[in-house]
Amino acid sequence: MAIGGLTTNALLYLDNVSVTFDGFRALNALSLSIDAQEMRAIIGPNGAGKTTMMDVITGKTRPNQGVAVFEASHDLTKLDEASIAELGIGRKFQTPTVFEMHTVEDNILLALKTDRRPFPTLFSKRTKAEKERIDALLERVRLTGSRDRKAGELSHGQKQWLEIGMLLAQEPKLLLVDEPAAGMTDQETADTADLLREIAKTASVVVVEHDMVFVRDLGVKVTCLHEGSVLAEGSLDAVSTNERVVEVYLGR
Ligand code: ADP
Ligand code: MG
């Protein structure tokens, strides 16, 4: 396939993407490519453009220039947020957004029922297939023992997992996760790394995180953003010893 004359096999392909806010370049000719079933860690100082990159991928922000292509055939710069979610791109924001008054199990059920569309319902009957999927999702996000608790009673880390479970109910092909370890205990952080590694067996994952212990745990290719472009990319060892990365980010 080709969009704008480009050929790619990547699941997600960004090229020369720029975003300008009132003359300030939040993204500056950013190019990045993610393979199917690849997990990529994104690091970089505050203001580097990490969240803005996710905004472009999910259609929340339109780039001023550049290419953003999903599955070599969908031009993300032309689609609205709902259509992009429908393609199988799920996004986990920093703050957990779960239905606090509902049980953990019902939160997952709501996510299953929404079928990537709004206006969920709890009142239709739960099929056997749905029950099996709920069980599997709860197990996956380590919340089987909390299924009957109100989501509002969960710890911060558990709420993050519940939201990840709700996203998994949509069977995303690409999951974007923004700073999941923030506010988590060390154990929750380690469990989250395990969970994301499991998810990456069947989907691509792009995870932004400052916690270098967590990033090391993931054991994946790392991209360091700075001033809206890629500063360095490669193994964590290579990136974290890169002189410029140390200068602008790690050495602070
Ligand atoms: P990061 O997630 O790497 O910390 P962001 O993508 O949030 O960085 O922000 C990149 C830069 O763009 C920052 O300087 C931020 O202030 C600016 N920015 C982000 N969103 C907006 C917006 N909607 N309007 C104006 N400036 C913005
Ligand atoms: Mg951010």
### Size of charge dipole - the chain - debye, nearest 20, with Cβ of Lys, Arg +1 and Asp, Glu -1, no other charges
580
#### Entry: Given 50/173; 60/128; 50/150, the pairs whose alpha carbons are separated by over 26 Å
60/128; 50/150
### Task
Could you calculate the contour length gain from residue 197 to residue 241, that is, 0.36 nm times the residue separation minus the distance between their Cα atoms, to one decimal place in nm?
13.4 nm
#### Entry: Heavy-atom accessible area per residue - the chain, 1.4 Å, Å²
47
### Rg/Rg_ref, the chain, where Rg_ref = 2.2 N^0.38 Å and atoms are Cα
1.02
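The values are calculated or read from the model by the stated rules, or taken from the named source; none is laboratory data. The shown structure was predicted, so the numbers you read here are calculated from the model rather than taken from an experiment. Here the Cβ is made from the backbone with ideal geometry for all residues, glycine too, and neighbour counts use every protein chain on show. What goes into the accessible areas is simple: the full protein's heavy atoms, side chains included, and nothing from ligands, DNA or RNA. Shrake-Rupley method; radii C 1.70, N 1.55, O 1.52, S 1.80 Å.
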